[in-house]
1. Starting from the Cα gyration tensor of region 63-221, take the square roots of the eigenvalues, sort them a ≥ b ≥ c, and report rounded, prolate or oblate (rounded when a/c is under 1.5, otherwise prolate if a/b is larger than b/c, else oblate).
2. Karplus couplings for region 104-109 from phi (6.51 cos²θ - 1.76 cosθ + 1.60, θ = phi - 60°), rounded to Hz, Gly and Pro as x?
3. Would you tally the net charge around residue 85, using a Cβ to Cβ cut-off of less than 13 Å, leaving residue 85 out, and scoring K and R as +1, D and E as -1?
4. Quick one: how many lysine pairs in region 63-221 have C-alpha atoms under 18 angstrom apart, if they're 8 or more apart or on different chains?
5. So what J values fall out for region 167-184 if you push phi through Karplus, 6.51 cos²θ - 1.76 cosθ + 1.60 with θ = phi - 60°, rounded to Hz, Gly and Pro as x?
6. Considering Cα pairs under 8 angstrom that are at least six residues apart, work out the relative contact order of region 100-168 and quote it in whole percent.
7. Applying the Karplus parametrisation 6.51 cos²θ - 1.76 cosθ + 1.60 with θ = phi - 60° to the phi angles of region 194-210, what ³J(HN,Hα) value in whole Hz is obtained for each residue in order, glycine and proline being reported as x?
8. Give the long-range amide H neighbours of residue 87: residues separated by 5 or more places, or on another chain, with amide H under 5 Å away, using H modelled in the peptide plane at 1.01 Å from N.
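Values quoted throughout were computed directly from the atomic coordinates according to the rules given, and no laboratory measurement underlies them. The model shown is predicted, which means the values in this text are computed figures rather than measured ones. Cβ placement follows ideal geometry from the backbone for every residue including glycine, while neighbour counts extend to all protein chains displayed.
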Amino acid sequence: MRRAYVVAGIGLLVLTASCSGKPNDLRHYATQDTVATTTSTTPPSTTHTAAPTTTTTTVDTAVLVAQITAGLMVDSSVSEIGFHPSVPQATTTLAALPVCSAPLNKPAAAATGAQTGWVGGSSVTTLTEYVGNYPTTTGAQVLAATKAALTCSQATKYALASPPAGVDASYSWCETGTAPSCTVLLAKGHLLARVQVVTTSTGKAQNLITEVAVPAAARLAATD
């Protein structure tokens, strides 16, 4: 009778295992694949910074030349003083004066310039004018640097009876050498004019430079 119960119990155990629908071998569960998990990463955003722009100021040479032409005396400016056309206007720039090696390029050099000339009653009396344009500085600053260098014995300061009207600064002196001469520097805005008279005596040169300084200053003053 005990043997019958044992057989019946074994049969019940087999029936229960088969009805579960799952294998009873633990190794089956140990070899099952695990579900892979992925982590999504967002790439860092990039900010594009625009390169700084550089503005370049271009100096219009045509404008500078026009200013110089307006600042230079013309034939009618000096005809009543006794001067006549002699040397046509020519483009040039002067870095320094012959006397005392006084500079005309400090604190900056002229961008462009022009020179012209006249002759008096005789060929020994001449008038020359040079005008330089200094767009990065002023004529008065260049005049100051030139004046500071005119300390040699060749140049003797000569004060005009009346300071030229309409300009920012002026300075005049006389020289003795092969021929007596007197010179005046006139500054207006970015322009600097150098006017020189060469003649037969210092007294005559002084009289002529005093007269010529008036129309030369008027031409510069009109460039405003």
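1. Values: a/c = 1.56, a/b = 1.17, b/c = 1.33.
Since a/c reaches 1.5 but b/c is at least a/b, the shape of region 63-221 is classed as oblate.
2. 10, 10, 10, x, 8, 7
3. Numbers: positive: none; negative: 75, 129.
Once positives and negatives cancel, what remains is -2.
4. So the count of such lysine pairs works out to 5.
5. 10, 7, 7, 8, 7, 9, 7, 10, 10, 10, x, 4, 9, x, 8, 9, 9, 10
6. Worked out over region 100-168, it gives 38 percent.
7. Taking θ as phi minus 60°, the curve returns 10, 10, 10, 10, 10, 8, 8, 8, 5, x, 5, 5, 5, 4, 5, 5, 5 Hz for region 194-210.
8. Here 117, 118 satisfy the definition.
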